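Take a look at the structure below.
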Amino acid sequence: MKTGWLLFAALLLAACEQSHTPLYLPDGENYPETLDAWGVLQQRDGQLQPAAGVLPYDLNTPLFTDHAHKLRTIWMPEGSHARYADERFDYPVGTVLSKTFYYPLDAQGRLLRSEQHAVEAVELKRVRLIETRILLRQEQGWVALPYVWDSAQREATLEWAGASFDLQLHDPQGEVLAVDYQVPDANQCAGCHEEQAGKGVQPLGPKARHLNKDFAYAEGTANQLLHWQAVGFLQGVPAAVDEVPRNARWGEPREGEDLQAQARSYLDANCSHCHNPQGPGRTSGLYLDPATPLSIAYGLCKQPVAAGKGSGDRLVDIHPGAPEKSVLSFRLHSTDPSIMMPELGRSTSHRAGLEVIDRWIASLVGEC
């Protein structure tokens, strides 16, 4: 009898860890209640990993989200592909993007505060899973869906209203950081992903300048854009990939990526989805996208528009040589919901990233 139960348990575990064919949902609103039904992620050999035919990917400089680490994946229906463009790829109907937010654990099971490196899978015993966001390309446009993981880390459930978690993050020096982690509701997802006002949800991360980097795949390290093209996910990548736009890595700059390149990459990842000439933040007149030159439009000696107490009594967005006089620095450092930028996605400030921003502002020459 005992042997029979052990066999039954083994079969159940195998069933839980089996691969799934990703879900093709080109239209309609019959969205799965559980993440497992999408078939883009699987739990196998103690890991959360992409399912067969699903690619992991990483970004040169990612959005900061309360120190959460992220496992990103993409899947496209068989026989379809995205078309390369400098700004925004044309993804086929049925494309599924996933982004899983998690924190590493130390030997005592405490959540760690650390900077992330690219990963192809996560060891479930060494992390706490928080949420997985699905971005689905349907015939009528993109749809954002938030899934929240259960405490056993066996399944994530669709939560239209989002969720919140009070977390304690520990660093190697023994400092503890309290985090009010917010899983956005579906409307908040749309608010951040509406890169062009009135144009609906759009993917923010998987663009050429963010993806143009090497990734350590199981079969070997390769440039992500070239790898996507090799597996049939992308067409039209320029032969000279070195000439493709590429954001700097703010924390670990490559050769030739100076302080300004790092700072602008950080502002691009964290701010330009709103602060661009077509974005929701366009009425501010502050454009932090890569196409805007370093000028008054980028904030140099620019007076803020209707910032109220968000200005911190500072007169310009970026004051050359003086981060302490710059509204941009003030709002990035703030954790006051009525002041801080970005408005969503964090309850803490990112010391390491903002140290780069402040050093860059301090290095600028000129007077206002």
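The values are calculated or read from the model by the stated rules, or taken from the named source; none is laboratory data. Predicted model, so just to flag it, every value in this text is computed and none were measured. Cβ coordinates were reconstructed from backbone atoms using ideal geometry, including for glycine residues, and neighbour counts include every protein chain displayed. What goes into the accessible areas is simple: the full protein's heavy atoms, side chains included, and nothing from ligands, DNA or RNA. Shrake-Rupley method; radii C 1.70, N 1.55, O 1.52, S 1.80 Å.
For region 63-79, enumerate the residues that are open to solvent by less than 30 Å² (accessible area, probe 1.4 Å) and either over 17 Å from the mean Cα position of the chain (by Cα) or among the hydrophobic types (A, V, I, L, M, F, W, C) (or both).
Filtering region 63-79 down to residues open to solvent by less than 30 Å² (accessible area, probe 1.4 Å) leaves 64-77.
Once the filter is applied, which keeps residues that are open to solvent by less than 30 Å² (accessible area, probe 1.4 Å) and either over 17 Å from the mean Cα position of the chain (by Cα) or among the hydrophobic types (A, V, I, L, M, F, W, C) (or both), region 63-79 yields Phe64, Ala68, Leu71, Ile74, Trp75, Met76, Pro77.
Among the residues of region 238-254, is any polar (S, T, N, Q) and open to solvent by less than 70 Å² (accessible area, probe 1.4 Å)?
Looking only at region 238-254, we keep the residues that are polar (S, T, N, Q), and these are 247.
In the following step, the residues that additionally are open to solvent by less than 70 Å² (accessible area, probe 1.4 Å) were identified as 247.
So far as region 238-254 goes, yes, one or more of its residues are polar (S, T, N, Q) and open to solvent by less than 70 Å² (accessible area, probe 1.4 Å).
Based on what the data block shows, is Ala263 more than 21 Å from Ala52 (Cα to Cα), open to solvent by less than 40 Å² (accessible area, probe 1.4 Å) and touching a helix residue (DSSP H, G or I) at 6+ places or on another chain (Cβ under 8 Å)? Give the derivation first.
Details: more than 21 Å from Ala52 (Cα to Cα): yes; open to solvent by less than 40 Å² (accessible area, probe 1.4 Å): yes; touching a helix residue (DSSP H, G or I) at 6+ places or on another chain (Cβ under 8 Å): yes.
In short, yes.
Tally the residues that are within 18 Å of Glu123 (Cα to Cα) and aromatic (Phe, Trp, Tyr), restricting the search to region 22-79.
Qualifying residue count for the region: 1.
Is it the case that some residue within region 27-37 is open to solvent by 50 Å² or more (accessible area, probe 1.4 Å) and under 22 Å from Cys192 (Cβ atoms)?
yes
Would you mind stating whether Gly205 is assigned to a loop (DSSP other than H, G, I, E, B), touching an Asp or Glu at 6+ places or on another chain (Cβ under 7 Å) and open to solvent by less than 70 Å² (accessible area, probe 1.4 Å)?
Details: assigned to a loop (DSSP other than H, G, I, E, B): yes; touching an Asp or Glu at 6+ places or on another chain (Cβ under 7 Å): no; open to solvent by less than 70 Å² (accessible area, probe 1.4 Å): yes.
Judged against the criteria, Gly205 is not a match.
For region 269-284, give me each residue that is modelled with pLDDT of 90 or more and either within 21 Å of Leu59 (Cβ to Cβ) or in a loop (DSSP other than H, G, I, E, B) (or both).
Residues satisfying the conditions are Ala269, Asn270, Cys271, Ser272, His273, Cys274, His275, Asn276, Pro277, Gln278.
Would you confirm whether any residue within region 283-293 is in contact with a strand residue (DSSP E or B) (Cβ under 8 Å, 6 or more places away or on another chain), buried (at least 20 other Cβ atoms within 10 Å of the Cβ) and in contact (Cβ under 8 Å) with a residue 24 or more places away in the chain? Walk me through how you get there before you give the answer.
Taking region 283-293 and keeping what is in contact with a strand residue (DSSP E or B) (Cβ under 8 Å, 6 or more places away or on another chain), we get none.
The answer is no; no qualifying residue exists.
Of the residues in region 80-98, how many are in contact (Cβ under 8 Å) with a residue 40 or more places away in the chain and either farther than 23 Å from Thr132 by Cβ or open to solvent by 30 Å² or more (accessible area, probe 1.4 Å) (or both)?
The initial filter retains those residues of region 80-98 that are in contact (Cβ under 8 Å) with a residue 40 or more places away in the chain, namely 81-89, 91-98.
Next cut, either farther than 23 Å from Thr132 by Cβ or open to solvent by 30 Å² or more (accessible area, probe 1.4 Å) (or both) only: 81, 83-88, 93.
Selection size over region 80-98: 8.
Do any strands (runs of 3 or more DSSP E) lying entirely in region 17-125 carry at least 2 residues that are closer than 25 Å to Ala178 by Cβ, and which ones are they?
Values: elements: 41-44, 47-50, 55-57, 69-75, 96-104.
Result: 69-75, 96-104.
Enumerate the pairs (first residue in region 27-40 and farther than 18 Å from Gln138 by Cα; second residue anywhere and of a type in the set (Ser, Thr, Tyr) and modelled with pLDDT of 95 or more) with beta-carbon separation below 8 Å, excluding pairs fewer than 6 apart on the same chain, so at least 6 apart or on different chains.
Within 8 Å, the pairs are Thr34/Tyr147; Thr34/Thr157.
For region 263-319, which residues satisfy the criterion of being over 25 Å from the mean Cα position of the chain (by Cα), more than 19 Å from Cys368 (Cα to Cα) and of a type in the set (D, E, K, R)?
Selection gives Lys309 alone.
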